[in-house]
Amino acid sequence: MKSDPFFHPVSGFDLPRFAGVPTFMRLPHVGLDDARLTQVDVGLIGTPWDSGTTNRPGPRHGPRQLRDASTMIRAENGATGVRPFEMVHCADLGDVPPNPADLQDSMTRITDFYRRVIRAGVIPLTAGGDHLCSLPILRAVAEEDGPVGMIHFDSHTDLFHSYFGGTMYTHGTPFRRAVEEELLDPKKVVQIGIRGTTYDREDRDFADSVGIRIIPIEEFHARGPEDVMAEAREIVGAAPTYVSYDIDFVDPAFAPGTGTPEIGGPNSWQALLVARLLKGVNIVGADLVEVSPPFDNSGGTAYLGVSIMFEILCNVAGMLAERHG
């Protein structure tokens, strides 16, 4: 158990949750040039960028809203009893500064930022941003861990080759690029919750050709979260694994604040449960993307998003605590 009070979040008993400067989960802010960076085990990071969006824009504002909603996260997981902030050092590492006028420059900036985080020994937990953010993050992760496995929650595969006659980098293409760049081991990739109308089957044909396992929403509902997640854990095994969670995995009745909603998804309880059932996965990084504040009038989508992030954080904390005795 770690006890450095610097890394403990501010308690709602000491300062009301609507007061103070919002950081992720009320944790301390540690910059990349801060000497304390090497003491951080898990770094929460914002990627306020949505230049890969092809439908409704807005996820660039997601990290700020997610930070604000996260002030409601408390010290203990009420279901599992895990107290992650006492098990590992967590901090808000701030935002990657994107270039909203240049997509390629922004991706370079994201990769450079995460390269410094990972080389400091920090596991990144990211709030997006649109789903293209995952590609430059994976470029940094794979430098350290080689091609990694991935558990991907989404209503879309994001495996398309291109958009609009040759645009290769959108929020619908990141994992096609990641496989081509050998950032992901496709035989250790599972995509859960895929649904909705389609342009064609190009993305699914690609998945079949390289060995990516797709679990469509019909199968998810028929089998249940526990059985599906048991298979997901079996697919990735002990391999270093990235977790990517698009909030549009969740039915828009529970998470309307997103750019490309698809009906028929899981409810908010199932959304939390699948994250909780990541226990035992060798997580080397994770993201929660596509929260779009302009479509989240109640703030409920953002609060669900940070609650999912907390479940992932609890699993990472447990993994690290077990690893370090």
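Relative contact order (percent) for the chain, with alpha-carbon contacts under 8 angstrom and 6 or more residues of separation?
Relative contact order comes out at 21 percent.
If the elastic network links every pair of Cα atoms under 10 Å, which of TYR199, TYR163, TYR242 fluctuates the most in the Gaussian network model of the chain?
Per the Cα network of the chain with a 10 Å cutoff, TYR199 tops the list.
Kindly express, to the nearest 10 degrees and within the range 0 to 90, the angle between helix 103-119's C-alpha long axis and the longest C-alpha principal axis of the chain.
Its long axis makes an angle of about 50 degrees.
Using a cut-off of under 15 Å, list every residue of region 233-254 whose amide N is near the label point 7 Å from the Cα of ARG223 along the Cα-to-beta-carbon line.
233-237
Report the dimensions of region 42-176 along its three principal axes from the alpha-carbon atoms, largest first, rounded to Å.
50, 32, 27
What list of ³J(HN,Hα) couplings, whole Hz, do you get for region 249-263 from phi and the Karplus terms 6.51, -1.76, 1.60, once you set θ to phi - 60° and write x for glycine and proline?
4, 7, 4, x, 5, 9, 9, x, x, 8, x, 9, x, 9, 6
So if each residue of separation counts as 0.36 nm, and I subtract the Cα-Cα distance between HIS324 and SER298, what length gain in nm does that give? Kindly include the intermediate steps, with their values, before the conclusion.
On the way: separation 26, 0.36 × 26 = 9.36 nm, distance 4.07 nm.
In short, 5.3 nm is gained.
Please work out the average accessible area per residue across region 47-179, using the 1.4 Å probe convention, and give it in Å². Let's see the in-between values first.
Details: 4580 Å² over 133 residues.
Solvent-accessible surface per residue comes out at 34 Å².
Among ALA232, ALA253, ALA286, whose mean-square fluctuation peaks in a Gaussian network model of the chain (Cα, cutoff 10 Å)?
Judging by the Gaussian network model, the answer is ALA253.
What's the FRET efficiency of THR167 with ARG119 using the Cβ-Cβ distance as r and R₀ = 35 Å, to the nearest 0.05? Before the final figure, lay out the partial values.
Numbers: r = 32 Å, r/R0 = 0.91.
Working from the Cβ atoms, E equals 0.65.
Residue by residue, what Karplus-based ³J(HN,Hα) values in Hz, rounded to whole numbers, does region 267-278 have, using 6.51, -1.76 and 1.60 with θ = phi - 60° and x for Gly and Pro?
Listing the rounded values in order: 7, 5, 5, 5, 4, 6, 4, 5, 5, 5, 7, 6 Hz.
Can you compute the helix-only [θ] at 222 nm over the chain? Use -39500 (n - 2.57) per DSSP H run of at least 4 residues, normalise by all residues, nearest 500 deg cm²/dmol.
-10000 deg cm²/dmol
Return the single residue from GLN39, GLN191, GLN65 with maximal mean-square fluctuation; model: Gaussian network over the chain, springs between Cα atoms under 10 Å.
GLN39
Can you work out ³J(HN,Hα) from phi for every residue in region 181-197, in order, using Karplus 6.51 cos²θ - 1.76 cosθ + 1.60 and θ = phi - 60°, giving whole Hz and x for Gly and Pro?
7, 6, 8, 10, 8, x, 6, 10, 10, 10, 10, 10, x, 5, 6, x, 5
GLU182 accessible area, nearest 10 Å², 1.4 Å probe?
About 130 Å², rounded to the nearest 10.
The values are calculated or read from the model by the stated rules, or taken from the named source; none is laboratory data. Everything quoted here is computed from the prediction, not taken from an experiment. Neighbour counts are summed over all protein chains in view; Cβ atoms, including those assigned to glycine, are modelled from backbone coordinates with ideal geometry. These accessible areas exclude ligands, DNA and RNA; they are computed on the full protein's heavy atoms, side chains included. Shrake-Rupley method; radii C 1.70, N 1.55, O 1.52, S 1.80 Å.
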